[in-house]
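These notes concern the structure reproduced below.
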Amino acid sequence: MTSPRILLVDDHYRLIEGVRISLRDEGYEVLTAANGADGLKTARRYRPDIIVLDVNMPWMDGLEACRRIRKDAQLAKTPILFLSSKNSVEERVKGLDVGGDDYLGKPFSTVELKARVQALLRRTDAFTIEEDAPLLTLASE
């Protein structure tokens with residue numbers, strides 16, 4: 001079984017490096033990008049299992065990247081967790097309204113980030129049927 005692949009998109013190098021190491025130590029494969037445009041290219045190329053996306057970035061912000069991900073047939077169902085210092089109720093709602101699945105304000109605890117990543121991955125795995133899984137059949141009376 002392969003490790004879940006996480007794409008981390010943020011323009012703060014120190015944050016990316018710390019989170020990348022923390023998630024890698026949990027057994028995840030972690031890809032990184034420093035802006036929304038590069039994040040979108042990376043997502044299209046590697047099809048991550050989850051995308052952790054900063055809102056405020058150069059060249060393409062996280063909200064626009066999320067909109068484009070949701071319009072891409074190959075990526076549309078990929079869970080998106082926003083990370084942002086924009087942490088007002090209005091900003092969190094905006095992130096969810098454009099297609100985000102969760103929103104975590106900065107500063108954050110890596111323990112909480114890992115828990116949210118795991119929760120999003122559980123939700124996507126809950127509806128995955130393995131090819132060789134037995135089918136449920138009902139006995140007729």
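Worth a mention:
- Answer residue from the stretch 68-86, given it is out of contact with any Asp or Glu (no Cβ under 8 Å at 6 or more places or on another chain) and polar (S, T, N, Q) and is surrounded by the fewest Cβ atoms within 10 Å (Cβ to Cβ) among those: Gln74
- Matching residues, the stretch 68-77, being under 15 Å from the mean Cα position of the chain (by Cα) and either assigned to a helix (DSSP H, G or I) or among the hydroxyl-bearing types (Ser, Thr, Tyr) (or both): Arg68, Ile69, Arg70
- The sole residue among Ala37, Ala65 that is surrounded by fewer than 20 Cβ atoms within 10 Å (Cβ to Cβ) and outside any loop (DSSP other than H, G, I, E, B) is Ala37.
- The stretch 17-34, subset over 16 Å from Glu112 (Cα atoms) and in contact with a strand residue (DSSP E or B) (Cβ under 6 Å, 6 or more places away or on another chain), residue surrounded by the fewest Cβ atoms within 10 Å (Cβ to Cβ): Glu29
- Yes/no for Arg14 being without any contact (Cβ under 8 Å) to a residue 24 or more places away in the chain and under 16 Å from the mean Cα position of the chain (by Cα): no
- For the stretch 83-101, a residue qualifies if it is closer than 16 Å to Asp10 by Cα and either in contact with a Ser or Thr (Cβ under 6 Å, 6 or more places away or on another chain) or modelled with pLDDT of 95 or more (or both), and exactly one does: Gly100.
- Single residue of the stretch 78-95 satisfying the filter (touching a strand residue (DSSP E or B) at 6+ places or on another chain (Cβ under 6 Å) and in a helix (DSSP H, G or I)) that is nearest to Gly62 (Cα to Cα): Gly95
- Candidates in the stretch 40-55 are the residues that are surrounded by 17 or more Cβ atoms within 10 Å (Cβ to Cβ) and touching a Lys or Arg at 6+ places or on another chain (Cβ under 7 Å); of these, the one that is nearest to Glu90 (Cα to Cα) is Val55.
The values are calculated or read from the model by the stated rules, or taken from the named source; none is laboratory data. Please read all numbers here as calculations on a predicted model, not as lab measurements. Methodologically, a virtual Cβ is constructed for each residue, glycine included, from the backbone with ideal geometry; neighbour enumeration extends over all protein chains shown.
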